[in-house]
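Notes follow the structure.
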Amino acid sequence: MKRIGIAAALVLLLMWTARAQADEPLTDGQMLGVVFVANQAEIAAGNLALRRTRSYSLKVFANRLISEHGQVNQEIAALTQRTGAQPQRSPTSDALAKQSMDDLAALEDAGSYDFDEAYLDREVVFLQKLVNSVDGYIRSARSADVRTLLIRSRPSFIFHLDQAHRLQLTIGSPGLRR
């Protein structure tokens, strides 16, 4: 059952990628909207992980995600106040919001022994997509302020992806502090 949920999440993320590439280029406000929604999704998933996992390592990881994605959203809010540009909805951000809700529902349904693995599988896929999206947005952003925010946020997203990969390798390894 868990594998079916992961496969469904992967298919939906691939559909998100295809839709984003097929649509007209996003405006700077829409790019900010996508990043804002992605950060909200990461915060929600991190909060769920804090409630569900028994792994010390995953709790540290989830706390870091919550903190750093929250900081990026605060930077987006500060940028919008300074420039007057607002994050805007787009088909991409709407699809991402729906996918996030579906992901959280699937994680809620995961058994207590399967949760950690399912959470990390979701994180790897989601964060890879976020990094790829941010890379594209950096190239196409018209505003120097938006581009700067994306460039400053990117290393954090890459670090989170690397950490998720590393945690995937250690989950279930005997002798590790869980």
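The values are calculated or read from the model by the stated rules, or taken from the named source; none is laboratory data. Remember, predicted model here, so these are calculated numbers, not experimental data. Glycine gets a Cβ as well: all are built from the backbone with ideal geometry, and neighbour counts include every protein chain shown.
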Among the residues of segment 132-168, write down those that are of a type in the set (Val, Ile, Thr) and touching a helix residue (DSSP H, G or I) at 6+ places or on another chain (Cβ under 8 Å).
VAL134, ILE138, VAL146, ILE151, ILE158
Filter segment 106-149 for residues that are among the aliphatic types (A, V, I, L, M) and more than 14 Å from the chain's Cα centre (by Cα) and give the result.
ALA106, LEU107, ALA110, ALA118, ILE138, ALA141, ALA144, VAL146, LEU149
Only one residue in ILE138, ILE151 is part of a helix (DSSP H, G or I), surrounded by 16 or more Cβ atoms within 10 Å (Cβ to Cβ), free of Cβ contacts under 8 Å to residues at least 24 places away in the same chain and of a type in the set (Val, Ile, Thr), so which one is that?
ILE138
Could you list, in sequence order, the residues of segment 60-74 that are over 18 Å from ASP121 (Cβ atoms) and surrounded by 16 or more Cβ atoms within 10 Å (Cβ to Cβ)?
ILE66, GLU68, HIS69, VAL72, ASN73
Mind listing whichever residues of segment 81-114 are closer than 23 Å to GLU24 by Cα and polar (S, T, N, Q)?
GLN86, GLN88, SER90, THR92, SER93, GLN99, SER100
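Rundown of residues vs (1) part of a helix (DSSP H, G or I); (2) free of Cβ contacts under 8 Å to residues at least 60 places away in the same chain, yes/no style:
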site: ASN47; (1), (2): yes, yes
site: VAL60; (1), (2): yes, yes
site: GLN74; (1), (2): yes, yes
site: ALA77; (1), (2): yes, yes
site: PRO87; (1), (2): no, yes
site: GLN99; (1), (2): yes, no
site: ALA105; (1), (2): yes, yes
Among the residues of segment 124-176, which ones are among the aromatic types (Phe, Trp, Tyr) and more than 17 Å from GLY70 (Cα to Cα)?
TYR137
Going through segment 7-57 in order, the residues found to be among the hydrophobic types (A, V, I, L, M, F, W, C), surrounded by 18 or more Cβ atoms within 10 Å (Cβ to Cβ), closer than 20 Å to LEU167 by Cα and modelled with pLDDT under 95 are ALA9
From ASP135, ASP121, grab the single residue that is among the acidic types (Asp, Glu) and within 18 Å of GLY46 (Cα to Cα).
ASP121
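Table: residues versus (1) under 16 Å from ILE138 (Cα atoms); (2) more than 17 Å from the chain's Cα centre (by Cα).
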{"residue": "THR27", "(1), (2)": "yes, yes"}
{"residue": "LEU32", "(1), (2)": "yes, no"}
{"residue": "VAL35", "(1), (2)": "yes, no"}
{"residue": "ILE43", "(1), (2)": "no, no"}
{"residue": "ARG51", "(1), (2)": "no, yes"}
{"residue": "SER57", "(1), (2)": "no, yes"}
{"residue": "ARG64", "(1), (2)": "no, no"}
Which numbered condition in (1) charged (D, E, K, R); (2) exposed (fewer than 14 other Cβ atoms within 10 Å of the Cβ); (3) over 22 Å from LEU79 (Cα atoms) is the only one that ASP103 fails?
(2)
Does segment 107-116 contain any residue that is aliphatic (A, V, I, L, M), surrounded by 14 or more Cβ atoms within 10 Å (Cβ to Cβ) and not in a helix (DSSP H, G or I)?
yes
